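**Q** The following block contains the structure, expressed as C-alpha cells.
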Amino acid sequence: MRVTSVDLGPMYAARVQHVWVDITGQWEQPRPGVVMMWRQRRGKRFGWDAWVVWLEPGTDQRPDARMEQAWVDSRLVRTLDQWPAQEGAITPP
C-alpha cells in the first residue's frame, strides 16, 4: 500500500469517546469504535482525522471478530447519538 504525503498539523489526545465508524461512507453497517486521538490535515486535503479502534465482526470465512485501528477521516466517524438519525462528522478538539 502506498501512503501519500499529507501536510499534517499537530496531533491532539482525544477525550476517549465511543463512536460509530464506517470506512465505506455508506452507513449501512457501521462498526462500534473508540476515538483515541485527533490530527489535523492541511493543504488540499484540509480537515481532521481520528485515530479509531473498532470491532470488525466475523464472517463465514473468518468467524472470529477482530479489532482494527487506523486514521479515519472525521466524516466517517459519528458519535453514538448521531447515528442513524443525523448526518455529519463529529467535532474534533
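The values are calculated or read from the model by the stated rules, or taken from the named source; none is laboratory data. All values reported here derive from a predicted model rather than from experimental measurement. Reconstructed Cβ throughout: ideal geometry from the backbone, glycine too, with neighbour counts over all protein chains shown.
**Q** Which numbered condition trips up ASP22, out of (1) of a type in the set (D, E, K, R); (2) modelled with pLDDT under 85; (3) surrounded by 16 or more Cβ atoms within 10 Å (Cβ to Cβ)?
**A** (2)
**Q** Now for a different question. In the stretch 52-71, which residues are among the aliphatic types (A, V, I, L, M) and either touching a His at 6+ places or on another chain (Cβ under 9 Å) or in a strand (DSSP E or B) (or both)?
**A** Listed by number, the residues that qualify are VAL52, VAL53, LEU55, MET67, ALA70.
**Q** Still on this structure: For the stretch 36-65, name all the residues that are at pLDDT 85 or above and among the β-branched types (Val, Ile, Thr).
**A** Within the stretch 36-65, VAL52, VAL53 meet the criteria.
**Q** Which residues, taken from the stretch 66-93, are surrounded by 12 or more Cβ atoms within 10 Å (Cβ to Cβ) and at pLDDT 75 or above?
**A** The answer is GLU68, GLN69, ALA70, TRP71, VAL72, ASP73, SER74, ARG75, LEU76, VAL77, ARG78, THR79.
**Q** Give the stretch 34-80 a look and list any residue that's in contact with a Lys or Arg (Cβ under 7 Å, 6 or more places away or on another chain) and on the phi > 0 side of the Ramachandran plot, or say none.
**A** GLY47
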